[in-house]
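Throughout, read-outs are computed from the coordinates displayed, never taken from laboratory work. Please read all numbers here as calculations on a predicted model, not as lab measurements. Here Cβ is always computed from backbone atoms with ideal geometry, including for glycine, and neighbour counts include all displayed protein chains.
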Amino acid sequence: MLHMNRLGLPIILILFKLIFVTGAPPSPVKLVVNNPGSESSSDRSNNGVSPKSSAATASSSSSSCFSSDTFITLSNQKQIPIEQLRSADELLTTDGSIIFPTQMMIMLDKSKFSQAMFHTITTASGHNVSLTELHLIAIIKNDNTINYVPAKQIKIYDVVYVMSNDKLVSSIVTNVIREMKTGYYAPLTTSGTLFANGILTSCYANVHSHKVAHVAMSLLRFYHWLAQLLFINEPFGHQDMEGMHVVPKVMYELAQFLYPSALRFS
């Protein structure tokens, strides 16, 4: 069993390559870099976002994470710091109708001491969460369906789902600020979503579509399910080390190769 545990992750990464890589050359990806001497329209308007300090103009060192002061709700209603999440922990999430359990799979990226720029979103219900700018968060559209948008696009009066007194309710965004914080974490669950500080958020970032990102992780979820059947502990390897895990590195490489238009760079 230990032998399977050591081989499992390399095997799944090889499968990703064999299944998805076709040999076609990657499409060129255009990165837009703002002129340091000019102010972009987003900087001028800020979508109603106000900087908390002069550090707010700095760029984030990570673009897909929660701040280290985030608390996650487990299925037993216990709140734990995000840094304490471990593979197979049972968390809570929602599809917009009911609250149900989801399982922690892997910590995609983490750094306890690195600084990053966050958008801190506060709701009328008193909830708040800090996300890096390209991390997706769920908002409720006029037809009561869920749309996932980058944190930097959240505006005052947007409506989000929150968990209050163990019930799912909607709440209006009342404030959004940018602020530097120390420490960030990027957990991935089987549902691709979770409640962070009681607010429904996606586990994905740097993509245009939450649904596309979730489909792309299907093989990863299958491997996680298979590892549990085979009683493999830590199917994605030891996760106590700092930095980005090899899995998102491979997935990002494949996305650039096969579907670069799905990625979001700004």
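The string of couplings for region 219-236 from the Karplus curve (6.51, -1.76, 1.60, θ = phi - 60°) is 5, 5, 5, 5, 4, 4, 5, 5, 4, 5, 4, 8, 6, 8, 7, 6, x, 9 Hz, one whole number per residue in order, with x for Gly and Pro. Lysine pairs, Cα distance under 17 Å, 8 or more residues apart or cross-chain: how many in region 71-201? Going through region 71-201 pair by pair, I get 5. Our estimate of slack between ILE98 and HIS208, defined as 0.36 nm per intervening residue step minus the Cα-Cα distance, is 37.1 nm. Taking 0.36 nm per residue of separation and subtracting the Cα-Cα distance, full extension of the segment from ASN233 to ILE172 would add 17.9 nm.
For HIS135, HIS119, HIS208, HIS214, the sequence from fewest to most other C-beta atoms within 10 Å is HIS208, HIS214, HIS119, HIS135.
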